[in-house]
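What follows draws every value from the coordinates through simple rules; no lab data is involved. Note that the structure is a prediction, hence the values are computed from the model and not measured. A quick note on method: Cβ atoms are made from the backbone with ideal geometry, for glycine too, and the neighbour counts reach across all protein chains shown.
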Amino acid sequence: MKTTSFKLGLAAFSLAAFLTACQPSTEDPSASAAASSATETAPQARPTKADMLAEFDAALSAAQATSGPGSPAMWTLSDEDTTIHLFGTVHLLRPDLEWRSDVIDAAISGADTIVFEVDMKSEEAQRAVGRDFLSRGMFQDGRTLKGVLSDTDEAVVAGAFDSLGVPIDAMNSFEPWMASVNLGVMKLMNAAGKSFAYLETISQQTDAFDLLPEDEQITMLYETAVLLDESPRMLDLLVDEWAEGDVSGISSLVASPDGVGFTDAAYQALLVKRNQNWVPQIEAMLDAPGSVFIAVGAGHLAGPDSVITMLRDKGYTIEGP
């Protein structure tokens, strides 16, 4: 399996795409701090930028080798009195992109309930962002970002933040995963507009990042920094694949262990486990009559571990690609 952990989903889609609901940690904080301190003086071997770019380009080539019908994909699950449409979203879109179709518009307008990934607009949700996402993304034990990075990693990460006009000292209170999210989003905000979707609690989404082992967080941050300049190119292709309805292309880019990389732990935490958590919720929606439109990050509906695959494996007939 590839080890490159840079991923548009980990950066641009940080609050609403490839995240997993995990259980709160019961690890002894002092033991965790001691273990983390041990890693500070033992930097990991890193792949070269050339190797990372080769993997990146291979994934992009694989995505470009497939095609779709010309409009974003949508799936339908139904029984005698319930219709559920599942639609994949991309959370950063070019303002001039025309992506809506009559079929999608009809599904939205006909829905009794629209389900998003997480509530980001209500006052309660805004409080939760500060309470869970921001506060848990900051070190609480006296350590700093620069303190957990090796000299080599710090040089790369500092250079990436400098390129955006942000000194690494401004990020020094952030845990590596939070610094990685901020780094990727800052870069992409210079190149694209944004949209967002809702479903789970902010706390559950935060767990997906916060409970990753710290060495995985550092790897994610390092490789996001190395490939920072490629993120707009990745976004452009992902949007093209999504707008074309190329589910295989989306899988190659952001929804497969062999795409634009995941470590094993990150792939499981940020994609697979969350999909597993969603399946019973979707099944339960069949118990109430009516029409439901579910809009979630496109990566959750593509690839070998998608929500669609999991539902089909359970015996459900789902119309769509």
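I need the phi-derived Karplus couplings for the range 291-304: 6.51 cos²θ - 1.76 cosθ + 1.60, θ = phi - 60°, integer Hz, Gly and Pro marked x.
10, 10, 10, 9, 10, 9, x, 4, x, 6, 10, 10, x, x
By the gyration tensor of its Cα atoms, with a ≥ b ≥ c the square roots of the eigenvalues, what is the shape of the range 219-321: rounded for a/c under 1.5, prolate for a/b over b/c, or oblate?
prolate
In nm, to one decimal, how far is the Asp112 label point from the Asp236 one, both placed 7 Å along Cα→Cβ?
About 4.5 nm separates the two model spin labels.
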